[in-house]
1. Applying the selection to region 615-672, what residues are among the polar types (S, T, N, Q) and in contact with a Ser or Thr (Cβ under 7 Å, 6 or more places away or on another chain)?
2. Run TYR238 past the list (1) open to solvent by 10 Å² or more (accessible area, probe 1.4 Å); (2) at pLDDT below 95; (3) closer than 19 Å to PRO722 by Cβ and report the number of the one that doesn't hold.
3. Out of the residues in region 245-264 that are open to solvent by less than 20 Å² (accessible area, probe 1.4 Å) and in contact with a Phe, Trp or Tyr (Cβ under 7 Å, 6 or more places away or on another chain), state the one that is nearest to TYR211 (Cα to Cα).
4. For residues in region 184-197 being assigned to a helix (DSSP H, G or I) and more than 25 Å from ILE248 (Cα to Cα), which is farthest from the chain's Cα centre (by Cα)?
5. Please enumerate the residues belonging to region 296-317 that are in a loop (DSSP other than H, G, I, E, B) and open to solvent by 40 Å² or more (accessible area, probe 1.4 Å).
6. What single numbered condition from (1) over 18 Å from the mean Cα position of the chain (by Cα); (2) surrounded by fewer than 22 Cβ atoms within 10 Å (Cβ to Cβ) fails to hold for GLY230?
7. Quick test of your reading of the structure: ILE356 fulfils all but one of (1) part of a helix (DSSP H, G or I); (2) at pLDDT below 95; (3) of a type in the set (A, V, I, L, M). Name the failing condition by number.
8. In region 251-275, what count of residues is obtained for those that are assigned to a helix (DSSP H, G or I) and at pLDDT below 90?
Amino acid sequence: MRSIAILLWCGVAFSQTEGTFTGEVLPLLERNCLPCHGAESRTSGLVATTVEGLMAGGARHGAAISPGHPEQSVLIRALRGELAPRMPIGKAPLSNGDIEKIATWIRHFQPAKPQTKQRWWAFAPPKRTEPPPVKATAWVRNPIDRFVLAALEAKGLAPAAEADKRTLARRLYFDLTGLPPAPEEMDRFLADESPKAYEDLADRLLADSRYGERWGRHWLDLARYADTMGFEADREQYHMWRYRDYVIRSLNNDKPYDQFIREQLAGDEITPSDPDRLVATGFLRLGPVFQTTIAAQSRQMILSEITNTVSSVFLGLTVGCAQCHDHKYDPIPQRDYYRLQAFFAPMELIQADVPIRDAALKARLDTARKAAEAKLSERQGQLQAYENTLVAKWRNACANGCDGQKIEPKGLKTKLLTAIANGLVPNDDSTFTLDEKLRYLELLDYVDTTMGGRDLGVFRREVERHKARAHVVRNITVSGNNAEPPVSFVRLRGEYDQLGDRVEPGFLTAITGKEVPAELPTDTFGNVRTWRIGLAKWIASADNPLTSRVMVNRLWQKHFGAGLVATPSDFGRNGGFPSHPELLDWLALELPARGWSLKAMHRLMVTSSAYRQSSNTIAEPARKADPANRLLSHMNRRRLEGELMRDAILAVSGRLNPEAGGPGVFPRLPAAIEGTAKIKNFTAWEPSADDEARRRSIYVFQRRQIEFPFLSVMDAPVLQAPREVRPESTTALQALTLLNGRLVTEEARAFADRLRREGGASVAEQVRRAYLLALGRPPSAEEEARARDFVATLGADGLLGLARVLYNTNEFIYVD
């Protein structure tokens, strides 16, 4: 009775025909209308699997049903082919009997008027519900299982069998560390016959420092992390890696989530002398930097970006929709948007000296700084000699009167390209100005690069990079406060210079129920001392109905493949309804009850029977009754994210550098992209040393205007805004990259070398070692025989070919 429970929970009551809908109509709709019109997909805005969704209808035709009048209902007309296109698209038309079942329900259906108007479910406090009774009690390992099993049993479904130990270990390793288990780690787990072996493994992985790197990537997606400012200039922020390391460190230390929130929103106000908390406020500085010719406009754009991000990440609300007008769907007036933004109005972006406490990291950076300073001195000497050569070239080519002019790169013009094509020299054409002659010389210098020369602009930019690295231990951009707090106003239509009513900092009335000014701390003279700390405390309060709901839903999403609410950053009316509302509330209350410990919530989820189900055993009744697997009758198979693919490839080859922390690294780019970077005048992507470049992908320098190719192809986004759900595409380019790309080509060779070192003398032993490393299991007899034949056929390149094949298997890039 899932759909009816959801509707009643939302305060919408329906007549007794709801039983007909649940028993007869809903199964038809779920079999035929998914995946196009589910809560996640919402094609044309229509959700066809709930009564409320049918009543709301879609963007094209409006309401899908007209109660009492099936002949007028869009749903019936589309099913009969009276509206184009006939539904369902791509499936056989419904039989007349099935259409008549739906029509009969519509004919007798009349929505009852709600007796009381209730708040939207997400704005109401979570309610503690006891885990429901179930029949198959032996399946239950913790309270999560009772909620999941009760929903399955209500549909007449049963959970899948438990996955085997190898599958569970590989799943758990990728989920909690982002890396595959080494064969030795797998053997240790398989040999442990204790009834608590699995729980012990979960505890070890949660205590592993790689856990912070894995889950730090998830948080950085939400925090829109990048190492550059974005847009045309895409200037580098050389020190934002300090925030990335703060996130990883906080997660590894299991910092309480409420404290994690407060530090990122107001760490500088809470403890101005604490370097870690100053770095934490980098969260507010991570968005792309809007630059216009009007300073007030730029600042307003930055404040709006911060307001939108904070509400999306921590509250799961699209508050940004109220920037120009009242929110069209949620009870968020425009005035509330600017009351929320007022908390950030006093904020300044300043530079501060933030010492590094980690002695080992500081020593490493000091060594890197000294090397950079030496390299800088060498480069500066080279640059001076190079400029002297260019000046000599310039003097020979220019007409009288050019001596003494300094060469500056000013870009290229079609006129100059044409001149080169026609073999002209600047002095041969009187239409060339002195400035154009100088540009011509820059173009000649660029042409020289094709013969092994250097582009002067790139050379200079590399010097700037060395300068920045030489000072890498210093300054990080953090937030501060104006001495004179500004007055805040509603911005009419969202325009920075169109002022409406004055507003004071305040919380969302949709949650508080009424407009209440925030209580801001004051000093002994009654002056307001801090602003954002008031907002941080409100968001991080256990009384806030959204904060814990949103976070436990994000954890569930990453462990199970989809959130209990399928729209993890939209808990408003345009978002999805919870598949298990009572479970969501139970988890939301459990988080603060367990000291806001994220590791405690991870452990609760991954040790449940629901998590341990097989992804390969899908019963036919479940396929029909729950095609989207919202009820979790089995585990969802998931593809590795781009970063995990790269890390797994390096781990299996044996060349993954486990070094943690510090400035971002620069793996080599394909030659074509390196050339493009030069042409577009982007800051040089100077490749790091090979070993350094093979660190985990979370440490790859995140440039907004140059996407690292392998990660980009595998759907890793360039973060201009929070990304709560990553896209997942299947393209030919992905297949080609995994087959012939530079990364796979180089690491397959290293993988083959590793097999020769570790696999033993025989091909059979090497094949077995290859499967254990890449897939976490030995090959079957048939696989081993085919692999031996394959290796023998390729001769000297046999192991290289096998390594490449294993990297390209679905089993390697998917987790069961």
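1. Scanning region 615-672 gives a single hit, ASN636.
2. Against the list (1) open to solvent by 10 Å² or more (accessible area, probe 1.4 Å); (2) at pLDDT below 95; (3) closer than 19 Å to PRO722 by Cβ, TYR238 comes up short only on (3).
3. Of everything passing the filter in region 245-264, LEU251 is nearest to TYR211 (Cα to Cα).
4. Checked region 184-197; the qualifying residue farthest from the chain's Cα centre (by Cα) is ALA191.
5. Selection gives nothing.
6. (1)
7. Condition not satisfied by ILE356: (1).
8. 4
The values are calculated or read from the model by the stated rules, or taken from the named source; none is laboratory data. Everything quoted here is computed from the prediction, not taken from an experiment. Neighbour counts are summed over all protein chains in view; Cβ atoms, including those assigned to glycine, are modelled from backbone coordinates with ideal geometry. What goes into the accessible areas is simple: the full protein's heavy atoms, side chains included, and nothing from ligands, DNA or RNA. Shrake-Rupley method; radii C 1.70, N 1.55, O 1.52, S 1.80 Å.
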